[in-house]
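*Asks:* Mind having a look at this structure? Questions to follow.
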Amino acid sequence: MPSTPSTRPRRRTGAGASAQAMADTIRAAERRKQHRTASWALPLLVLPLALGLGYLTATLTSPHAGLAVTVVVTALALRRIYRSKGSTWATGAAGERRTRWILAPLVWFGFGAWAVLHDRQIPRSRANLDHLVLGRCGPVYVDTKTWKAKRARVQLRHGQLWYGRHPQQKTLDTVLWEAGRAAEVLGTHVQAIIAVHYAEVPPGGLISSGVTIIPASELRGFLRALPKEPGWNRARIARARQWADERLPPAR
């Protein structure tokens, strides 16, 4: 008997996929709550108010003006009910996709000198690796941060990393832990980088706790300028890419 094609949506893969999946889950729950609100607010509050204001306007001016007021009031109420609060997961996913496009030319024009894996699951963990870059410089783990707070800068204070008013030692510890898990898989040291979108980072970047923090716009040039590691030729890069691809599956 022929099988019936599945109607389930395909799971996203690639940069930001796991963060976007979480954002979609949160948005779906938010939309269900908005539907419940609309089911009672529209008949009990919105429509009586809109029709009442429309009738009053039509009486004082014209039927066309009354109809316009009714439509506008209803539309504004619906917009307020269905307004999205936004999600840090969606913001993070968008940042990871931006980083993917920054890294893409390394692979497109590198002729085998670069390989990049995006959004990979860490074995025996719910955590994921944003971007694992393999090149003549050896393996580099790149963690994307989309920091968009107004007037908040990334800087060092007394040797500690800060983003605006928020210390980031926990962030650094997490990135180092993730780079360490990548190193366990590859069997070699993995450099750690944080690529920052939007927030101001001093030109040339910062170093804190062994992690390099740079503007995402400088990432590709920074990687190309890293010193070459002995033995990391095209053949080893290809082998490391295959090895990592087998042991670091796409994040769920």
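*Asks:* Quick one: putting +1 on the C-beta of Lys and Arg, -1 on the C-beta of Asp and Glu, what dipole do you get for the range 181-252 around its Cα centre, in Debye to the nearest 20?
*Replies:* 340
*Asks:* For Ala192, list long-range residues whose amide hydrogen, built 1.01 Å from N in the peptide plane, is under 5 Å from its own amide hydrogen.
*Replies:* Tyr141, Thr212
*Asks:* Which of the aspartates and glutamates could a cross-linker span from Lys145 if the Cα-Cα distance has to be under 16 Å and same-chain partners fewer than 8 positions apart are dropped?
*Replies:* Candidates past the 8-residue exclusion: Glu96, Asp119, Asp130, Asp173, Glu178, Glu200, Glu218.
*Asks:* Put +1 on the Cβ of every Lys and Arg and -1 on every Asp and Glu Cβ in the range 94-252; which of Ala251, Phe111, Gly135 then has its Cα farthest towards the positive end of the dipole?
*Replies:* Selected residue: Ala251.
*Asks:* Please say if the range 101-252 is rounded, prolate or oblate, where rounded means a/c under 1.5 for a ≥ b ≥ c the square roots of the C-alpha gyration tensor eigenvalues, and otherwise the choice is prolate for a/b larger than b/c and oblate otherwise?
*Replies:* Here the range 101-252 falls in the prolate category.
*Asks:* Can I ask one more? Find the relative contact order for the range 49-158 and round it to a whole percent, using C-alpha pairs within less than 8 Å whose residues are 6+ positions apart.
*Replies:* In percent, rounded to a whole number, it is 15.
*Asks:* Also: Determine ³J(HN,Hα), in whole Hz, for all residues of the range 180-196 in sequence, where each value follows from phi through the Karplus function 6.51 cos²θ - 1.76 cosθ + 1.60 and θ = phi - 60°; x replaces Gly and Pro.
*Replies:* x, 5, 5, 5, 4, 5, 7, x, 7, 5, 10, 6, 10, 10, 10, 9, 9
*Asks:* Next question. Counting only DSSP beta bridges with both residues in the range 115-252, tell me the antiparallel percent, nearest 5.
*Replies:* Approximately 60 percent, going by the DSSP bridge assignments.
*Asks:* Taking amide H positions as placed 1.01 Å from N in the peptide plane, with prolines and chain starts having none, which residues 5 or more places from Gly138, or on another chain, fall under 5 Å of its amide H?
*Replies:* Glu229
*Asks:* Let me know the whole percent of all Cα-Cα pairs from the range 107-187 that are separated by more than 22 Å.
*Replies:* Value for the range 107-187 (Cα pairs over 22 Å): 40 percent.
*Asks:* Skipping prolines and chain starts, which residues have an amide H placed within reach, meaning under 5 Å, of the one on Ala127, given they are 5 or more residues away or on another chain?
*Replies:* Under 5 Å from the amide H of Ala127 lie the amide H atoms of Ile122, each far enough along the sequence or on another chain.
*Asks:* For the peptides 199-208, 212-221, what is the packing order when you average, over each peptide's residues, the other Cβ atoms within 10 Å and list the highest mean first? Mind dumping the intermediate values first?
*Replies:* Values: 199-208: 15.1, 212-221: 19.1.
Packing proxy ranking, top to bottom: 212-221, 199-208.
*Asks:* Would you work out what percent of the accessible area of the range 196-252, with all protein chains in place, is carbon or sulfur (probe 1.4 Å)?
*Replies:* Accessible surface attributable to carbon and sulfur in the range 196-252 totals 53 percent.
The values are calculated or read from the model by the stated rules, or taken from the named source; none is laboratory data. Not measured: the values here are computed from a predicted model. A quick note on method: Cβ atoms are made from the backbone with ideal geometry, for glycine too, and the neighbour counts reach across all protein chains shown. Note: accessible area is taken over every heavy atom of the protein model, side chains too, but ligands, DNA and RNA are not part of it. Shrake-Rupley method; radii C 1.70, N 1.55, O 1.52, S 1.80 Å.
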